[in-house]
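Scroll down for the structure; my scribbles are underneath it.
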Amino acid sequence: MTPTRFDGKIALITGGTSGMGLATARRLLAEGARVVVTGRDQARLDAALDDLGGAERVLAVRADAADLADLDRLAGTIRDRHGRLDVLFANAGVASFGELGQVSEADYDRIMNTNVKGVFFTVQKTLPLLADRAAIVVNASWTLHRGLPGASVYAASKAAVHNLTHTLAADLAPRGVRVNSVSPGYIETPMFHGNISAGAADAVRAAVPAGRIGSAEDVAGAVAFLASDEASYVNGQDLIIDGGLVATAAGLTG
């Protein structure tokens, strides 16, 4: 870890109250950044702020990524406090899984509104704040690379933001703003445990060639790399963080 890699940088992490978002906030703070984290629930935001040490360099803002009025308020708060953004981790997302015939319109709207609309408008609303040569990282998913039964809407939402990453990289290239995505595999987060039963976890672990379920810190390290100057020649790419689940024969038999 490079302690000063993000000195003087301002980073926004949506969905930063738990899991990969919170781990990334910790990582960027440790490397010198000033961090803004968002979440929909004030109690969880307060807990995240305590977890991050209530640091002077942390700003916690209640905002729903799917609510454009919230995003306008978020952008205004960042503008008033910091004046700019150097890093955006568009991480806020939701998941639910089930048989194709059981997916309701409400299920579809909830996933697409947060995972696709939320990412698109988070970038749009913060665009005036993004410094030239800023970095955007979008949280996608390994499911965009490989079919998973019961994940039709979730996987489609992640495929959409993966494609959006390519387009945004082209759109923002004249300003030197890089846009990349990460595709986490099975990661130990509250969302993972909310969708995978205790009994299924062993089967999931067995399908991963690395022999373990990933940690939120595994993803945070990848986000920090893509957001840093060390990745200055990486643009429009997707980094799969899955312990070999997608790419190897062992994973494909799982």
Any residue on another chain or 5+ positions along whose placed amide H is under 5 Å from the amide H of residue 240 is listed here as 183
Among 39, 19, 54: highest mean-square fluctuation, GNM of the chain, C-alpha pairs under 10 Å: 54
May I ask you to evaluate 6.51 cos²θ - 1.76 cosθ + 1.60, the Karplus curve with θ = phi - 60°, for each residue of segment 71-77 and list the ³J(HN,Hα) values in order in whole Hz, giving x for glycine and proline? 5, 4, 5, 4, 4, x, 5
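Dipole size in debye (nearest 20) for the chain around its Cα centre, Lys and Arg Cβ +1, Asp and Glu Cβ -1? Write down the numbers at each step before the final one.
Details: 23 positive and 27 negative charges, 89 e Å.
Once rounded to the nearest 20, the dipole reads 420 debye.
Give me the 1.4 Å probe accessible area per residue for segment 1-103, excluding ligands and nucleic acids, in Å². If you can, show how the numbers build up before the last one.
Working: 4560 Å² over 103 residues.
With all protein chains present, segment 1-103 gives 44 Å² per residue.
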Tell me, what is the FRET efficiency for residue 105 and residue 7 to the nearest 0.05, using R0 = 41 angstrom and their Cβ-Cβ distance as r? 0.30
Can you list the residues, at least 5 places off or on another chain, whose amide H is less than 5 Å from the amide H of residue 136, using H built in the peptide plane? 88, 178, 179, 180
Go through segment 113-122 residue by residue and turn each phi into a ³J(HN,Hα) via Karplus (6.51, -1.76, 1.60, θ = phi - 60°); whole Hz please, and just put x for glycine and proline. 5, 7, 6, 10, 4, x, 5, 4, 7, 4
When the accessible area of the chain is split by element with a 1.4 Å probe, what percent falls to carbon and sulfur? 52 percent
Between segment 47-94 and segment 10-31, how far is it from one alpha carbon centroid to the other, in angstrom? 10 Å
Between [x] 35, 24, 19; [y] 28, 20, 19; [z] 28, 23, 18, the structure-derived semi-axes √(5λ) of the Cα gyration tensor in Å is [y]
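In terms of solvent-accessible area of protein heavy atoms at a 1.4 angstrom probe, what is the ranking of 125, 158, highest value first?
On the way: 125 55, 158 10 Å².
Putting 125, 158 in descending order of accessible area: 125, 158.
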What percentages, rounded to whole numbers, describe P(r) for segment 1-143 computed over all alpha carbon pairs with 10 Å bin width beginning at zero? 12, 43, 32, 10, 3, 0
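The values are calculated or read from the model by the stated rules, or taken from the named source; none is laboratory data. Predicted model only: the values in this text are computed from it and were never measured. Every residue, glycine as well, gets a Cβ built from its backbone with ideal geometry; the counts of neighbours run over all protein chains shown. Calculation scope for accessible area: heavy atoms of the full protein, side chains included, ligands and nucleic acids excluded. Shrake-Rupley method; radii C 1.70, N 1.55, O 1.52, S 1.80 Å.
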